[in-house]
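Below you'll find the structure, written out as structure tokens, and then a few comments.
The values are calculated or read from the model by the stated rules, or taken from the named source; none is laboratory data. Just so it is clear, the structure is predicted and the values come from calculations on it, not from any experiment. Every residue, glycine as well, gets a Cβ built from its backbone with ideal geometry; the counts of neighbours run over all protein chains shown.
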Amino acid sequence: MHSFEYRNGALHCEGVNLDTLVDEVGTPAYVYSKATILDHYRRLSEGMSELDCLICYATKANSNIAVLNLLAGEGSGFDIVSGGELFRIKKAGGDPGKCTFAGVGKTREEIEMGLDAGILSFNAESEAEVEFINQVAGEKGVVAPIALRVNPNVDAKTHKYISTGKSENKFGIDFESIAGAYERASQLEHVKIRGLQMHIGSQLTSVGPFEEAVKKVVPFVQQLKDLYDIEFFSIGGGIGIVYNDSLASGVMSWWEGQEEKPLTVEEYAQALVPLLKPLDMKIILEPGRFMVGNAGIMITEVLYEKRGSAKTFKIVDAGMNDLIRPALYEGHHDIVPIKEPATASTEEKVDIVGPVCESGDFFAQDRPLPSVESGDRIAVLSAGAYGFVMASNYNSRPFPPEILIDGEEVHTIRPRQSYEELIETEIIPR
């Protein structure tokens, strides 16, 4: 579900005409739907309601404090991977006691921050990390809550950059070694074992890999419960979203007959709840993209058309610094005009490219699109996750604004960065 649709000839987010909106805020700009974010959280919560389930939103997907505040208001916990994300959670009104702290390279400062804040658990990725957490906690005279992350060696069948559950990935402790790691951790004075965590990858559109991993790990979780009285089993996140959007397929012949099938909450719950319920313990989910991916778009304006012997380029005012997924992951994003194309409008195969001085600066290649001209606005869909959070100032380009739509209300949750703000922290030595 999302709240973007054509109405009266223009793309709307909830009750807001986006063509009118960008007259005011300019381009490029990120726009998010509050209704979509809350709908996704509530559907997942309801789908897993047979379990004692805590949803810990993966903050890295979209960390604007307005988004975090929305989810905190729903009772969400948070999966964090840095001290900066913990700082954001606290500023957004989130509960550190519902935070799981993941990541393979936690620093002393970050461990101390987590201990001071009273987080739910450090999800430790190696025995060396467990020993260091024990050391830091001992120096502070406290006991650190931990869970070890197991690597179940299950192929998530996703992009190699976002696969995390195989033996060759840097994450977690090998399944064959995890029992010994728990036994050694149990002997440390300044850690308390609270659970077990796993996460096999991101953007999974089939329930099969989840089911395989859970079936493999559940017997071990039961052993840990018997041995160490653990309190929770975190099965991670990874529920995929649909990047091939019906909004686009209605106007673009490129995707006709190639409709993507999403993994639904119902399919996810139907497969996993029966496997997890017999454990009779808290189950933690760590979704990120599922919650916010389809809740956001990036709007950009066509600057120029460049026709060459091999290709036609539509040059827009957004660049790979604003949205890097196509360049980094070869990630597909559907693209639609802000003004609804006529039913009989012709399509043309084009490249949508930005102004950054890199050949990798593109949003679509050889993509049939309805005709757009200089001055027309287009929307890059499904950009709510790993969009703004991965943006940079490369080529000294200021950050775009972030806008949150709530019905007919428009909230600027991050203003466009000015040139002065671009350099305000830089210093010329005297």
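Any idea which residue in region 6-27 is modelled with the highest pLDDT, counting only those that are surrounded by fewer than 14 Cβ atoms within 10 Å (Cβ to Cβ) and of a type in the set (S, T, N, Q)?
Per the stated criteria, the residue is THR20.
Regarding GLY75, is this residue surrounded by fewer than 16 Cβ atoms within 10 Å (Cβ to Cβ) and not in a strand (DSSP E or B)?
Values: surrounded by fewer than 16 Cβ atoms within 10 Å (Cβ to Cβ): yes; not in a strand (DSSP E or B): yes.
Yes: the conditions hold for GLY75.
Within region 169-189, is there a residue that is part of a helix (DSSP H, G or I), under 16 Å from GLY237 (Cβ atoms) and modelled with pLDDT under 95? So that I can check it myself, show each step before the final result.
Just the residues of region 169-189 that are part of a helix (DSSP H, G or I), to begin with: 178-185.
In the following step, the residues that additionally are under 16 Å from GLY237 (Cβ atoms) were identified as none.
No, region 169-189 contains no residue that is part of a helix (DSSP H, G or I), under 16 Å from GLY237 (Cβ atoms) and modelled with pLDDT under 95.
If you go through region 379-390, how many residues are under 13 Å from THR300 (Cβ atoms) and part of a loop (DSSP other than H, G, I, E, B)?
3
So if I check each of ILE284, ILE241, which one is in contact with a Lys or Arg (Cβ under 6 Å, 6 or more places away or on another chain) and at pLDDT 55 or above?
When all the criteria are applied, what remains is ILE241.
Farther than 25 Å from VAL67 by Cα, modelled with pLDDT of 95 or more and surrounded by 15 or more Cβ atoms within 10 Å (Cβ to Cβ), is that true of LEU276? Walk me through it before giving the result.
Values: farther than 25 Å from VAL67 by Cα: yes; modelled with pLDDT of 95 or more: yes; surrounded by 15 or more Cβ atoms within 10 Å (Cβ to Cβ): yes.
Yes, satisfied.
Which residues, taken from region 104-116, are farther than 23 Å from CYS53 by Cβ and under 24 Å from the mean Cα position of the chain (by Cα)?
Within region 104-116, VAL104, GLY105, LYS106, THR107, GLU110, ILE111, MET113 meet the criteria.
Name the strands (runs of 3 or more DSSP E) wholly inside region 269-348 in which the number of residues that are touching a Gly at 6+ places or on another chain (Cβ under 8 Å) and within 25 Å of THR20 (Cα to Cα) is 2 or more.
Passing ranges, in order: 296-307, 312-316.
Cβ-Cβ below 8 Å, separation at least six or inter-chain, first residue in region 81-102 and more than 26 Å from ILE173 (Cβ to Cβ) and in the same structural domain as GLU286 (by TED's automatic domain parsing), second part of a loop (DSSP other than H, G, I, E, B) and among the hydroxyl-bearing types (Ser, Thr, Tyr): which pairs?
Hits for this filter: ARG88/SER63; GLY94/SER76.
Determine whether LYS91 is closer than 24 Å to ASN393 by Cβ and buried (at least 18 other Cβ atoms within 10 Å of the Cβ). Show your work before the answer.
Working: closer than 24 Å to ASN393 by Cβ: yes; buried (at least 18 other Cβ atoms within 10 Å of the Cβ): no.
When the stated conditions are applied, LYS91 does not pass them.
Restricting attention to region 224-245, report how many residues are surrounded by fewer than 19 Cβ atoms within 10 Å (Cβ to Cβ) and at positive phi.
Of the residues in region 224-245, 1 are surrounded by fewer than 19 Cβ atoms within 10 Å (Cβ to Cβ) and at positive phi.
From PHE101, PHE4, PHE78, which residue is in contact with a Leu (Cβ under 9 Å, 6 or more places away or on another chain) and more than 20 Å from LEU120 (Cβ to Cβ)?
On inspection, the qualifying residue turns out to be PHE4.
List the pairs whose first member sits in region 142-155 and is on the phi < 0 side of the Ramachandran plot, whose second member is of a type in the set (Asp, Glu), and whose Cβ atoms are under 7 Å apart, counting only residues at least 6 apart or on separate chains?
Final answer for the pair search is ARG149/GLU125; ASN151/ASP174; VAL154/GLU212.
Answer with yes or no whether LYS311 is in the same structural domain as ILE405 (by TED's automatic domain parsing) and at negative phi. Before you say what the answer is, go through the steps one by one.
Values: in the same structural domain as ILE405 (by TED's automatic domain parsing): yes; at negative phi: yes.
The answer is yes for LYS311.
Output the residues belonging to region 28-50 that are surrounded by 19 or more Cβ atoms within 10 Å (Cβ to Cβ) and in a loop (DSSP other than H, G, I, E, B). Steps first, answer last, please.
Here is the first cut: in region 28-50, the ones surrounded by 19 or more Cβ atoms within 10 Å (Cβ to Cβ) are 28-34, 36-37, 40-41, 44, 47-48.
If the condition is that a residue be surrounded by 19 or more Cβ atoms within 10 Å (Cβ to Cβ) and in a loop (DSSP other than H, G, I, E, B), then PRO28, MET48 are the ones that fit.
Of the conditions (1) under 16 Å from the mean Cα position of the chain (by Cα); (2) assigned to a strand (DSSP E or B), HIS12 fails just one. Which one is it?
The single condition HIS12 does not satisfy is (1).
Is there any pair with a first residue in region 224-235 that is outside any strand (DSSP E or B) and a second that is aromatic (Phe, Trp, Tyr) and at pLDDT 95 or above whose Cβ atoms are under 7 Å apart and which are 6 or more apart or on different chains, and what are they?
LEU224/TYR182; TYR228/TYR182
Please indicate, with yes or no, whether at least one residue in region 408-416 is surrounded by fewer than 20 Cβ atoms within 10 Å (Cβ to Cβ), touching a helix residue (DSSP H, G or I) at 6+ places or on another chain (Cβ under 9 Å) and of a type in the set (S, T, N, Q).
yes
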